[in-house]
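Notes follow once the structure below has been shown.
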Amino acid sequence: MQIRWKILLWALVGLVPSAAWAVGPPNPAESILVIYTDADISGYSVTLKNAFVAALGAVVPAPTITQLDIPTGHVGIYNDLHALAGSPTDLSQWCQVWDLRFRSDKDNIAYTGPNQEDVITFAGANNDTLLFTNYLDQNGHLFLEGEHHDFYIRDLNLFALINAVAATPLNGAQIYADYNAMNPGAIGGFSAYGGFNVNWNNISAGTINASFPGGLEVNYAGSGHAIGANFAGAYYSAGGSCNTAYAWGTGDLNTNGRMVVNFETNAFVAPNANATSNEWIQNVYQLLSGCYKYSLTKTFSPTNLCVGDSGTFALCYSNTGSTALTNVPLWDTLPACLTYNSDSQGGATHVGQVYSWSLPSIAAGASACITVNFTVANFLCP
């Protein structure tokens, strides 16, 4: 009796973070999707987006920036993303995604559900949370914008997304109460986490001109690391100092990738914006950098085998990004009907039928393959 193998073929796009924090602007530059909304009647959200795009665009070498506008009446990003990126509709073609949607005209508005353009949606097919979580699973890097406690329509779902992906969630009793409702002026104290305060621009002694900033107490941030600016706000309690922004790196999320969440907007637009606020944006870009892209295919040879026969399959990968691939893990689950014998890389580690390898370094644009030798053990193959 003979088994005819199906040719198992798939293509995967991987966004894999480098093992260590890099120093200096990414070279080659990375690709960024900036999401914003033009729905704010005051124009503030567009002004905020323009400030971030200008700071990011001043990087040398400059990143490739794609802008995604969520217009008036549109809820969630999927439909507009589909119109921009086509099918399949996901975020994997960008190394970093910066969600700057924010409506300044929606302060002190009662929450009645995800019914405005800047809300991170949770319900329904292709909701924002699903898209962002899948993107992190693919090792993408995410920046999310919030504000102080008056903007709870945006912030409540932002908190929920953080708690959905963080290894240790925010302290639910403190999330809302620790928002600041003061205007403290210039604030500073930027964190050295991941070398953030000096990873490119040296902002260790700098300050930003915040107005009514939001913030969370450091002791209640779960697995997040404070990187923004420290302040003592109106809702400051004995729990610890407040901070305007937090970062989640490798091991801080129950998914992959990295994430930064910021709770202050006024520092980045006129008249408050200054050199430090622009450098802060650039340092976040650096903190989130380290993007590898690759495609992967799997082919069997021969396609007709009997029990006891030997065969091979090849895992071939191409570096489709602009950065050399180094130390990227690859794994494959062998069906129970196959017995692993050897491979061209000198041996795989495995747990049960899950076999794994560390890809050898390959340059941008290059390709390589791992050939696995096996024997057909029985007929119990799908």
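The values are calculated or read from the model by the stated rules, or taken from the named source; none is laboratory data. Keep in mind it's a predicted model, so treat the numbers as computed, not measured. Cβ: placed from backbone, ideal geometry, glycine included. Neighbour counts: every protein chain shown.
A compact table of results
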| quantity | calculated |
| --- | --- |
| Yes/no for F143 being crowded, with 23+ Cβ neighbours inside 10 Å, in the same structural domain as V97 (by TED's automatic domain parsing), modelled with pLDDT of 95 or more and of a type in the set (F, W, Y) | yes |
| Yes/no for T121 being modelled with pLDDT of 90 or more, under 23 Å from N139 (Cα atoms) and in contact with a Leu (Cβ under 6 Å, 6 or more places away or on another chain) | no |
| Filter result for the condition that a residue is surrounded by fewer than 22 Cβ atoms within 10 Å (Cβ to Cβ), at pLDDT below 95 and either in contact with a Ser or Thr (Cβ under 7 Å, 6 or more places away or on another chain) or of a type in the set (D, E, K, R) (or both), over G188, G172, G195 | G188 |
| Identity of the residue in segment 239-284, in contact (Cβ under 8 Å) with a residue 60 or more places away in the chain and at positive phi, that ends up surrounded by the fewest Cβ atoms within 10 Å (Cβ to Cβ) | G251 |
| Residue within segment 275-283 that is in the same structural domain as Q96 (by TED's automatic domain parsing) and outside any helix (DSSP H, G or I) present | no |
| Residue satisfying condition, being small (G, A, S), at pLDDT 90 or above, closer than 24 Å to W280 by Cβ and assigned by TED's automatic domain parsing to the domain that holds R154, within set A83, A22, A29, A51 | A51 |
| Complete set of residues in segment 243-259 that are out of contact with any Gly (no Cβ under 9 Å at 6 or more places or on another chain) and under 23 Å from D155 (Cβ atoms) | L253, N254, T255 |
| Segment 69-113, residues that are crowded, with 20+ Cβ neighbours inside 10 Å and not in a loop (DSSP other than H, G, I, E, B) | L81, Q96, V97, W98, D99 |
| Residue selected from segment 114-158 under the condition touching a Pro at 6+ places or on another chain (Cβ under 9 Å) and not in a loop (DSSP other than H, G, I, E, B), by the criterion nearest to I281 (Cα to Cα) | H141 |
| Every pair of residues 6+ apart whose Cβ atoms lie under 7 Å, when the first sits in segment 210-221 and is in the same structural domain as G188 (by TED's automatic domain parsing) while the second is of a type in the set (S, T, N, Q) and part of a strand (DSSP E or B) | G215/N243; L216/N243; V218/N243 |
| Matching residues, segment 341-382, being small (G, A, S) and in a loop (DSSP other than H, G, I, E, B) | S344, G346, G347, A348, G352, S361, A363, A364, G365, A366, A377 |
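Rundown of residues vs (1) surrounded by fewer than 18 Cβ atoms within 10 Å (Cβ to Cβ); (2) at pLDDT 95 or above; (3) over 21 Å from A275 (Cα atoms), yes/no style:
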site	(1), (2), (3)
S211	yes, no, no
L216	no, no, yes
N219	yes, no, yes
G224	no, yes, yes
A229	no, no, no
A234	yes, no, yes
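Yes/no per residue for (1) modelled with pLDDT of 85 or more; (2) assigned to a strand (DSSP E or B); (3) within 23 Å of P28 (Cβ to Cβ):
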residue: Q286; (1), (2), (3): yes, no, yes
residue: Y294; (1), (2), (3): no, yes, yes
residue: T299; (1), (2), (3): yes, yes, no
residue: G308; (1), (2), (3): yes, no, no
residue: G311; (1), (2), (3): yes, yes, no
residue: A314; (1), (2), (3): yes, yes, no
residue: W331; (1), (2), (3): no, yes, no
residue: T339; (1), (2), (3): yes, yes, no
